[in-house]
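Trainee: Quick one: the structure is below, and I'll ask about it shortly.
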Amino acid sequence: DGSLGMLPEEWLQKYGLLLKMGVVENENIKVSKMHFNVLDELMSQISDEDIQIEIAEKKAKLINIESVDLVKIPKEIKAKLRPYQESGYNWLQILDNIGWGGCLADDMGLGKTLQTITFLQFLKGKYPKDTHLIVCPTSLIFNWENELKKFAPKLNYHIFYGTNREFSDAHFDEYDIIITSYGVARIDFETLSTFKWNYLILDESQTIKNPDAATTKCLQLIPAKNKLILSGTPLQNNTLDIYSQFNFLNPGLLGNKEFFKNEFANPIDKNGDVEKSAQLKKLISPFLLRRTKNLVATDLPDKTEIVLWCQMDRAQKSLYDEYKNFYKESILKKIETDGIAKSGIYILEGLLRLRQICDDPRLVKDKDVKLETGVKIQELLREVTENIGDHKILIFSQFTEMLALIEAEFTAQNINYCYLDGGTPATKRQEEVNRFQNDDKVKIFLISLKAGGVGLNLTAADYVYIVDPWWNPAAEQQAIDRTHRIGQKNKIFAYKMVCKDTVEEKILMLQEKKLALAKDIVQEEASLLKKMTKEDVAYLFS
């Protein structure tokens, strides 16, 4: 009737969020079914019994995964999933049944890719004619390729990347999965928007944390029946990071950007508003699955070793190919005339140069070529800034010059770190160890493999990066064991950084092919040369 009244604080707390998330139409407030967590207080007042039942069923499915009738791990999957990974796969099935998108936010190293590939194999059975689009950072394209080959060889995939991209719907229809990069998705979004995708999956979804970025806006325009995002660190800098990713996932869930900033981001980030934080958690929790290493510790082995594939850009790969071709020709001629035993020093020199280019082209000191930062430093920066979070990491390299380049990048980015190589005095060495172990602000320790491979106790770390893997697995294990030792309470994840289509990959493959050879190479490289054939050398430089 136009008169004014005071609403009690208790009433506002009970209904305030519901009113803000709803849309007023005439005398009614429309609320999305995605906000079922906010509807708890009003369930008894919903007059439509069908809606009551639907909301209750969806909520029950998301909360009680074990009680839902689910499809078991597809027989085509060539892996044994751990219990928490099976739960993640089940959760993705439930979201698919309901028709909502989800964020798989497991801690780094817990197998988000494997869970997603298992889910994709399930989708192949459920929607055999549909095609799914995976968008990831360029450096992870070949990680996906290798994981698909390894775990789901029956899935038919195509990499939509490079200069010879084929655009037709007919071409996409031939595959179960299309894999592309964020850069290509931004450039070709109009083409990608014309195809009817089943799932649109974003890996490292924190890439779209800025709602105003061109990439974010373009990806919003690519239609799909459902969406899935993967990120070990969905919230990196501030609460607005969450908005962009969940608005992509389930548009309308968090209102528009200005509403979200005023209602959640500013109160939480500027004022530490605990109540707003709890409300936001309530809104997104049905669509977010996060397990940390500590939470699933009983499911994990003490130490997990993973290959982190790196893809060189055109300039770095061109330099690599130039050196590779030169050494291949000259070394094979040397073997032809002098035999493999007398060619050892030339083989090692060639392998050294190629490994240095894989690490960073600047290590070869080619005055005729102007080159920028190599892929491995770029990957380390991405890992440190996007994935590590509160974890502590050790970074090992055999080349002190490589450590110097990494050090320069970290200094430029204002990233705190400790440093140790063969030239570090004993007193300084212990100071750095103590600082890393006890200072929460220091997350990174740069260590030369030779100087830090033994004698250090660094149990504060739970992630290890071997920048330049080599023949000697014993040396690598000694490095990993700086943290995997008595006193370590966390599970360890060790990453070997390997450049795709290079001598590094071939070394790994040759080790698998000749396990006896790998076991023999424990102390010195000379024993390696005694076991090698001319064909092995040709293969390494191919």
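Trainee: Can you name every one of the helices (runs of 4 or more DSSP H) wholly within segment 241-346 that holds 3 or more residues which are within 19 Å of Ile229 (Cα to Cα)? Can you show your working first?
Mentor: Values: elements: 257-260, 266-271, 274-284, 314-338.
The qualifying helices (runs of 4 or more DSSP H) are 274-284.
Trainee: With the structure loaded, tell me whether Leu249 is at pLDDT 85 or above and open to solvent by less than 20 Å² (accessible area, probe 1.4 Å) or whether it fails that test. Steps first, answer last, please.
Mentor: Details: at pLDDT 85 or above: no; open to solvent by less than 20 Å² (accessible area, probe 1.4 Å): yes.
No: the conditions fail for Leu249.
Trainee: If you don't mind, another one. With the structure loaded, tell me whether Glu258 is of a type in the set (Asp, Glu) and in contact (Cβ under 8 Å) with a residue 40 or more places away in the chain or whether it fails that test.
Mentor: The answer is no for Glu258.
Trainee: Another one. Might you check whether a residue that is among the hydroxyl-bearing types (Ser, Thr, Tyr), open to solvent by 50 Å² or more (accessible area, probe 1.4 Å) and closer than 30 Å to Glu372 by Cβ occurs anywhere in segment 316-324?
Mentor: Yes, that holds for at least one residue.
Trainee: Only one residue in Arg435, Arg429 is over 27 Å from the mean Cα position of the chain (by Cα) and at pLDDT 85 or above. Which one? Write out each step before concluding.
Mentor: Values: Arg429 fails: at pLDDT 85 or above.
Answer to the selection: Arg435.
Trainee: Can you spot a residue in segment 511-518 that is open to solvent by 10 Å² or more (accessible area, probe 1.4 Å), at pLDDT 60 or above and touching a Leu at 6+ places or on another chain (Cβ under 9 Å)?
Mentor: There is at least one residue in segment 511-518 that is open to solvent by 10 Å² or more (accessible area, probe 1.4 Å), at pLDDT 60 or above and touching a Leu at 6+ places or on another chain (Cβ under 9 Å).
Trainee: Given the options Leu254, Leu221, name the one that is surrounded by 19 or more Cβ atoms within 10 Å (Cβ to Cβ) and either within 23 Å of Phe172 (Cα to Cα) or more than 16 Å from the chain's Cα centre (by Cα) (or both).
Mentor: The conditions single out Leu254.
Trainee: In this structure, is Ser244 within 26 Å of Glu379 (Cβ to Cβ) and among the small types (Gly, Ala, Ser)?
Mentor: yes
Trainee: Report yes if Phe493 is within 30 Å of Met312 (Cβ to Cβ), open to solvent by less than 40 Å² (accessible area, probe 1.4 Å), of a type outside the set (Asp, Glu) and at pLDDT 80 or above, otherwise no.
Mentor: Criteria met by Phe493.
Trainee: Considering Gly374, Gly339, Gly344, which residue is open to solvent by less than 40 Å² (accessible area, probe 1.4 Å) and within 23 Å of Phe410 (Cα to Cα)?
Mentor: Values: Gly339 fails: within 23 Å of Phe410 (Cα to Cα); Gly344 fails: within 23 Å of Phe410 (Cα to Cα).
Of the residues listed, the single one that is open to solvent by less than 40 Å² (accessible area, probe 1.4 Å) and within 23 Å of Phe410 (Cα to Cα) is Gly374.
Trainee: Limited to segment 269-284, what total is found for residues that are surrounded by 13 or more Cβ atoms within 10 Å (Cβ to Cβ) and either polar (S, T, N, Q) or within 28 Å of Tyr463 (Cβ to Cβ) (or both)?
Mentor: 4
Trainee: Looking only at segment 400-448, count every residue that is more than 18 Å from Gly389 (Cα to Cα), part of a helix (DSSP H, G or I) and open to solvent by 30 Å² or more (accessible area, probe 1.4 Å) and tell me the total.
Mentor: Number of matching residues: 17.
Trainee: Let me ask something else. Does Glu386 satisfy the condition of being assigned to a helix (DSSP H, G or I), free of Cβ contacts under 8 Å to residues at least 24 places away in the same chain, open to solvent by 30 Å² or more (accessible area, probe 1.4 Å) and not small (Gly, Ala, Ser)?
Mentor: Criteria not met by Glu386.
Trainee: Please go through segment 130-150 and pick out each residue that is in contact (Cβ under 8 Å) with a residue 12 or more places away in the chain, out of contact with any helix residue (DSSP H, G or I) (no Cβ under 8 Å at 6 or more places or on another chain) and open to solvent by 40 Å² or more (accessible area, probe 1.4 Å).
Mentor: Lys150
Trainee: Taking the criterion of being part of a helix (DSSP H, G or I), at pLDDT 80 or above and closer than 18 Å to Ala494 by Cα, would at least one residue in segment 351-361 satisfy it?
Mentor: Yes, segment 351-361 contains at least one residue that is part of a helix (DSSP H, G or I), at pLDDT 80 or above and closer than 18 Å to Ala494 by Cα.
Trainee: Scan segment 405-412 and give yes if some residue there is more than 22 Å from the chain's Cα centre (by Cα) and modelled with pLDDT under 85, otherwise no. Can you show your working first?
Mentor: Looking only at segment 405-412, we keep the residues that are more than 22 Å from the chain's Cα centre (by Cα), and these are 405, 407-408, 411-412.
If we keep only those that are modelled with pLDDT under 85 too, we end up with none.
No, because not a single residue in segment 405-412 is more than 22 Å from the chain's Cα centre (by Cα) and modelled with pLDDT under 85.
Trainee: Continuing with this model, one more query. Which of the strands (runs of 3 or more DSSP E) contained wholly in segment 139-213 include at least 2 residues that are within 19 Å of the chain's Cα centre (by Cα)?
Mentor: 177-181, 197-203
Trainee: Pick from Ser244, Ser231, Ser181: which is open to solvent by less than 50 Å² (accessible area, probe 1.4 Å), within 26 Å of Asp390 (Cβ to Cβ), among the small types (Gly, Ala, Ser) and in contact with a Cys (Cβ under 9 Å, 6 or more places away or on another chain)?
Mentor: Values: Ser244 fails: in contact with a Cys (Cβ under 9 Å, 6 or more places away or on another chain); Ser181 fails: within 26 Å of Asp390 (Cβ to Cβ).
Unique residue meeting the criteria: Ser231.
Trainee: Here is a follow-up. Can you confirm whether Thr163 is open to solvent by less than 10 Å² (accessible area, probe 1.4 Å) and either of a type in the set (S, T, N, Q) or closer than 24 Å to Arg382 by Cβ (or both)? Can you show your working first?
Mentor: On the way: open to solvent by less than 10 Å² (accessible area, probe 1.4 Å): no; either of a type in the set (S, T, N, Q) or closer than 24 Å to Arg382 by Cβ (or both): yes.
Here the answer is no, as Thr163 does not meet what is asked.
The values are calculated or read from the model by the stated rules, or taken from the named source; none is laboratory data. What you are looking at is a predicted structure, and each value in this text was computed from that prediction instead of being measured. All Cβ positions, even for glycine, are placed from backbone atoms using ideal geometry, and neighbour counts span all protein chains on display. Side chains are part of the model used for accessible areas, which takes the heavy atoms of the whole protein and leaves out ligands, DNA and RNA. Shrake-Rupley method; radii C 1.70, N 1.55, O 1.52, S 1.80 Å.
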